[in-house]
1. Given the options Phe419, Ala398, Asn456, identify the residue whose Cα lies farthest towards the positive end of the charge dipole of segment 355-490 (+1 on Cβ of Lys, Arg; -1 on Cβ of Asp, Glu).
2. Could you sort 135-141, 210-216, 317-323 so that the peptide with the highest average Cβ count within 10 Å comes first and the rest follow in order?
3. Which value, in debye to the nearest 20, describes the size of the charge dipole of segment 434-482 about its Cα centre when Lys and Arg Cβ atoms bear +1, Asp and Glu Cβ atoms bear -1, and nothing else is charged?
4. Over segment 473-517, with the other protein chains present, what is the accessible area per residue in square angstrom, probe 1.4 angstrom?
5. Would you rank Met381, Met527 by solvent-accessible area, highest first, keeping every protein chain in place and using a 1.4 Å probe?
6. Please work out the C-alpha center-to-center distance from segment 466-499 to segment 293-333 and express it in whole Å.
7. Taking a cut-off of 25 Å between Cα atoms, list the lysines near Lys396, but don't count ones fewer than 8 places away on the same chain.
8. For segment 361-455, what is the Kirkwood estimate of the hydrodynamic radius, computed as the reciprocal of the mean inverse distance between distinct Cα atoms, to one decimal in Å?
Amino acid sequence: MHFLPRSRCVCVLLCSALCSIAVVAQEIDPMLKASLLNSLRIEKRLTEAQRRSLSNATRNRFALAHQIIETNRGVLNLRTPPMLQQRNAQGSLSGVTNASTGMIPISSPAFDYTLSRGGGFSQNDTSTAWCGPNIVTGYNDSSAVLMTLNNASGGLSFSGIAHSGDGGKSFTDLGYLDPGAASYNFLVGNPSVACANAGRFYYASIFATAIPSASSLVFKQAIAINTSTDGGRTWSAPTAAVLKNSEHILERESLAVDPSNPQRLYISYTDLGFETAQAGYCAGQSQMLINLVRSVDGGQTWTKPVTIRKVCGNSSNAVNGSQVAVSPSGLVYVAYLFYDNVKGRELIQLRKSADHGVSFDKQVDVTAVIPAGSDSMLQGMFLSNEYPSLAVDRSKGATRETLYLAWTDGRNRSQIDVFSGTGVYNFADILLVKSTDHGSHWSTPSEVSPVPSSANVDRFMPGVAVDSAGKLAVCYSDRRNDRQNDAIDHYCSITQDGGASFQDLRLTSKSWNPAHSTDLVLNNSYMQDYDQVSPDWTGSKGGFFAGFQFQSYGNPSAYGVRF
């Protein structure tokens, strides 16, 4: 398949998913090339401890820059409109229900092999917002990168998006989230989607951009917000809620809307900075921050950052994986993972604000964490994480304002593993804690829907949510149906008694085997970082909508179930 006029093509490379596309004999767009080179410059400054704590969205950013700049530069010249038009025309293909389980295709798998026969492009890391009849799911989408490379103008986008106007019965894949008109713009991914009402939706993601001058580009790192005012059908170009210079890596953002005043928005995120000469930095070292910004006008303007947690870079400690949640009374909570490498431990910590994010109380150590797998990898050689998932009960009953926090943990079951750097493999479990006093004290960690101690299977990367009736859902990837601990399903464990008992619901129609390394746009240890579950934010409907990755024939796609 040729995307370009024959007169402009000089050869066709078949070595990978990217270089199977026609290569043209012209220079790389200088602005886009400069932006990708800046990503590689930032990567070189990382210490090993910092690198290990970064999310896969940032790792994918580096992998893509290496792939395009060092291996397959010709794809940068694929700037022609027809493929973009074809994608938009095919978006409605995703509205077919799996009758046996209610699985709904969210992303359209027809896009993937239209682009290349060299590999299966990936749609994963789903974030969903549900308001009334409208549901929007964002996800990382490697096929969106090549789609935006085929656009006649504009930046790159790693961000996929789909909309449902019938409460999740069917979805339309919208192609990709608009990266803006400038060719140096790059929506890196890591979606966090929220809604304020049935019309107004927000999509936060990592954003690399620049300010052009007469002779050069001044690169900026940002957290971007794209906004929809028609229920998720159309979207604005990105605007920066956070904007820093090129001496920073911004990542792992989390977006929340205040139910006590939907004009108030909050974004927590990680800021890894290398401006060692700047006042306030750690004695000339780099530093890693959990920060929060807020908007009081529906995302039009944003405050300066408030620092939740600071770690000095040269200490080898790190922080990441924050999530912000807001209670029905307007209390703001930020949970995050602290890598205490000096003492050889990991802690989930939390801070609370009673003045709408202006200031925060002292941090609380919620729980210690034991990493799952081996050397941060689960069986199948993909990266895992212990990032917290946080939810607040907004129901009208006695459990109102209760906090729930879930994470992946490896403390319960281990076996000797001769190929592990630690000598053992820790099977992953989903653990849950709750607080009934606004986060000051927490329950003892308990396993969600416990499995027998002899069941050597992984369950990992949970999302947690509470619906309008106070029902709690914890959804996660699960290998219980494969005694060899390879094939994966998506399960949700439901409880109406605060976690004392659970009912398990299998959402996937069949188990699937991870085939993440077939996507050559991504770093080869990335399979997924999270899948989130959402209630109806307006409270008009009970129940949940869960988005998740499902792989069929080695092709990772986004699916969902309402239950």
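The values are calculated or read from the model by the stated rules, or taken from the named source; none is laboratory data. Fair warning: this is a prediction, and the values are worked out from it, not measured in the lab. When we count neighbours, we look across all protein chains shown, and the Cβ atoms used for this are built from the backbone with ideal geometry, even at glycine. Ligands, DNA and RNA are excluded from the accessible area calculation, which covers all protein heavy atoms including side chains. Shrake-Rupley method; radii C 1.70, N 1.55, O 1.52, S 1.80 Å.
1. Towards the positive end, the residue furthest out is Ala398.
2. Descending packing order for the listed peptides: 135-141, 317-323, 210-216.
3. Dipole magnitude for segment 434-482 comes out near 40 debye.
4. In whole numbers, segment 473-517 has 42 Å² accessible per residue.
5. Descending accessible area places them as Met381, Met527.
6. That distance is 28 Å.
7. Lys352, Lys434, Lys471, Lys541
8. 14.9
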